[in-house]
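Right, one structure below, let's go through it.
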Amino acid sequence: MMSVETEIRFSLNGRPVSLKVPTTMKALAMLRDRLGMTGTKYACGEGECGACTIEIDGKTVNSCLMYAVDCDGREVVTIEGLRTPEGLHPVQQAFVDHGAVQCGFCMPGMIMQARNLLANNPELTREQAQRGLEGNLCRCTGYTKVLDAVEAVAATNTCGGRANP
Ligand code: FES
Ligand code: FES
């Protein structure tokens, strides 16, 4: 079967991009294979694990479930968009400081989700963080330190509203 391609334009980590993608391509495949954003991970491919979490227009989504063409005209942020020339995003730094990272595979999705939760509720409680991160699975099962890190960012109110200022 011939694959149909369509041209899309959107903002990726604050920069405009345009490319042709097959209409059947998932956003995750486009980000990783066409745009080099390999920080976003492929694990279950079925919306169950959160490894592929990105932000679209300020909301987190599982990019393995979304079609690339649906990024057209939107603001897309991946884990690569969080770091600034000054250094790691406060949420990234807190994960490092609290030893929340084990193998690291789930971390981009976990951090994207945690940052979004904190941006929408700077006074996020531990319980709210736990509920908000339920869709992000860690095979290394290091959830306690993840929650410690999120709690620390909430306590110091250092998250900031935007993913990539
Ligand atoms: S790879 Fe998308 S939810 Fe698991
Ligand atoms: S740190 Fe290994 S899967 Fe989460």
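The values are calculated or read from the model by the stated rules, or taken from the named source; none is laboratory data. Note that the structure is predicted; figures quoted are calculated from it, not measured. Positions of Cβ are generated from backbone atoms using ideal geometry, with glycine treated the same way; all protein chains shown enter the neighbour counts. Each accessible area value is taken on the protein alone, full model and side chains, heavy atoms only, with ligands, DNA and RNA left out. Shrake-Rupley method; radii C 1.70, N 1.55, O 1.52, S 1.80 Å.
For the stretch 114-146, a residue qualifies if it is among the polar types (S, T, N, Q) and either in a loop (DSSP other than H, G, I, E, B) or crowded, with 22+ Cβ neighbours inside 10 Å (or both), and the qualifying residues are 121, 125, 136, 141.
Restricted to the stretch 11-86, the set of strands (runs of 3 or more DSSP E) holding at least 3 residues that are under 16 Å from residue 108 (Cβ atoms) comprises 53-56, 59-62.
Evaluation of residue 66 against the conditions (1) in contact (Cβ under 8 Å) with a residue 24 or more places away in the chain; (2) more than 21 Å from residue 16 (Cα to Cα); (3) open to solvent by 10 Å² or more (accessible area, probe 1.4 Å) shows that the sole unmet condition is (2).
The numbered conditions (1) more than 11 Å from ligand 1 (Cβ to nearest atom); (2) under 13 Å from the mean Cα position of the chain (by Cα); (3) without any contact (Cβ under 8 Å) to a residue 24 or more places away in the chain are all true for residue 116 except (3).
Of everything in the stretch 30-63, what is among the polar types (S, T, N, Q) and either open to solvent by 50 Å² or more (accessible area, probe 1.4 Å) or over 13 Å from the mean Cα position of the chain (by Cα) (or both)? Give them in sequence order. Step through it out loud before you land on a result.
Step one: of the stretch 30-63, the residues among the polar types (S, T, N, Q) are 38, 40, 53, 60, 62-63.
If the condition is that a residue be among the polar types (S, T, N, Q) and either open to solvent by 50 Å² or more (accessible area, probe 1.4 Å) or over 13 Å from the mean Cα position of the chain (by Cα) (or both), then 38 is the only one that fits.
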